[in-house]
Amino acid sequence: MIPTLIFAAARLHQVWWERQPLSVHLRSVFKESGFSVPEYVSEISGSKGYVDFQGDFIACVSFTVRPGDIDSFVMLPSPPWRNPSAFLPLDKAGNCGDFEVPAGTLMIEEWEPGTEYMCKYAVDREANRVYFYRASW
């Protein structure tokens with residue numbers, strides 16, 4: 001009886017989580033960057049792909065913050081970033097998942113050693129825009 005109750009509770013939680021709005025999922029995905037989306041941000045754009053049975057998925061997140069808050073997204077925490085010194089301005093426009101980012105945007109891309117996990121993080125100080133992309137397969 002107890003295993004059945006545990007399974008039912010876990011399944012109910014999973015269904016509840018799956019029914020949350022996309023913005024809730026994107027906020028959760030962004031935490032992988034080592035930061036969090038400020039509570040006042042109401043427009044989060046992006047996408048989250050299908051999560052397979054191993055937990056692998058692709059997602060991209062972008063949002064705009066207040067001008068006074070953009071600097072707090074520039075100092076990369078370690079972990080999760082192994083090489084924060086690689087967080088450099090782009091010479092030419094690039095991409096961070098589905099998003100095109102302009103030249104001059106600070107961007108870093110890292111692969112998890114021995115895995116198929118990759119993430120990109122970018123901060124456009126002029127537009128006060130933050131981008132994050134993660135992929136695992």
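Look through the range 114-137, keep the residues that are open to solvent by less than 10 Å² (accessible area, probe 1.4 Å) and among the aromatic types (Phe, Trp, Tyr), and return whichever of them is nearest to ASN83 (Cα to Cα). Outline the logic, then answer.
Within the range 114-137, the subset open to solvent by less than 10 Å² (accessible area, probe 1.4 Å) is 121-123, 130, 132, 135.
So of that shortlist, the ones also among the aromatic types (Phe, Trp, Tyr) come out as 121, 132.
Working: TYR121: 12, PHE132: 16 Å.
My answer is TYR121.
Where in the range 48-124 are the strands (runs of 3 or more DSSP E), entirely inside, with at least 1 residues that are touching a Phe, Trp or Tyr at 6+ places or on another chain (Cβ under 7 Å) and in contact (Cβ under 8 Å) with a residue 60 or more places away in the chain?
Details: elements: 58-64, 94-96, 99-101, 106-111, 117-124.
Passing ranges, in order: 58-64, 117-124.
May I ask you to say which residue of TRP81, TRP111 is modelled with pLDDT under 95, surrounded by 14 or more Cβ atoms within 10 Å (Cβ to Cβ) and among the aromatic types (Phe, Trp, Tyr)? Outline the logic, then answer.
On the way: TRP111 fails: surrounded by 14 or more Cβ atoms within 10 Å (Cβ to Cβ).
Of TRP81, TRP111, the one residue that is modelled with pLDDT under 95, surrounded by 14 or more Cβ atoms within 10 Å (Cβ to Cβ) and among the aromatic types (Phe, Trp, Tyr) is TRP81.
Quick check on VAL65: is it touching a strand residue (DSSP E or B) at 6+ places or on another chain (Cβ under 9 Å) and either under 13 Å from TYR133 (Cα atoms) or surrounded by 10 or more Cβ atoms within 10 Å (Cβ to Cβ) (or both)? I'd like the intermediate steps shown before the answer.
Values: touching a strand residue (DSSP E or B) at 6+ places or on another chain (Cβ under 9 Å): yes; either under 13 Å from TYR133 (Cα atoms) or surrounded by 10 or more Cβ atoms within 10 Å (Cβ to Cβ) (or both): yes.
Yes: the conditions hold for VAL65.
From the list ALA59, ALA93, ALA8, ALA86, which one is small (Gly, Ala, Ser), at pLDDT below 90 and open to solvent by less than 100 Å² (accessible area, probe 1.4 Å)? Even if it seems obvious, please write down each step before you answer.
Values: ALA59 fails: at pLDDT below 90; ALA93 fails: at pLDDT below 90; ALA86 fails: at pLDDT below 90.
One residue alone meets the criteria, ALA8.
Tell me yes or no: at least one residue of the range 45-54 is under 19 Å from MET118 (Cα atoms) and among the charged types (D, E, K, R). Step through it out loud before you land on a result.
Within the range 45-54, the subset under 19 Å from MET118 (Cα atoms) is 46-54.
Narrowing further to those that are among the charged types (D, E, K, R): 48, 52.
The answer is yes; a qualifying residue exists.
When residues of the range 29-49 are filtered for being of a type outside the set (Lys, Arg), out of contact with any Pro (no Cβ under 9 Å at 6 or more places or on another chain) and open to solvent by 50 Å² or more (accessible area, probe 1.4 Å), how many remain? Steps first, please.
Taking the range 29-49 as the starting set, the residues that turn out to be of a type outside the set (Lys, Arg) are 29-30, 32-47, 49.
Applying the additional criterion that residues be out of contact with any Pro (no Cβ under 9 Å at 6 or more places or on another chain) yields 29-30, 36-47, 49.
Narrowing the set further to residues that are open to solvent by 50 Å² or more (accessible area, probe 1.4 Å) leaves 36, 39-40, 42-43.
Residues flagged as of a type outside the set (Lys, Arg), out of contact with any Pro (no Cβ under 9 Å at 6 or more places or on another chain) and open to solvent by 50 Å² or more (accessible area, probe 1.4 Å) within the range 29-49 amount to 5.
The values are calculated or read from the model by the stated rules, or taken from the named source; none is laboratory data. What you are looking at is a predicted structure, and each value in this text was computed from that prediction instead of being measured. Neighbour counts are summed over all protein chains in view; Cβ atoms, including those assigned to glycine, are modelled from backbone coordinates with ideal geometry. The accessibility values were calculated without ligands, DNA or RNA, using every heavy atom of the protein model including side chains. Shrake-Rupley method; radii C 1.70, N 1.55, O 1.52, S 1.80 Å.
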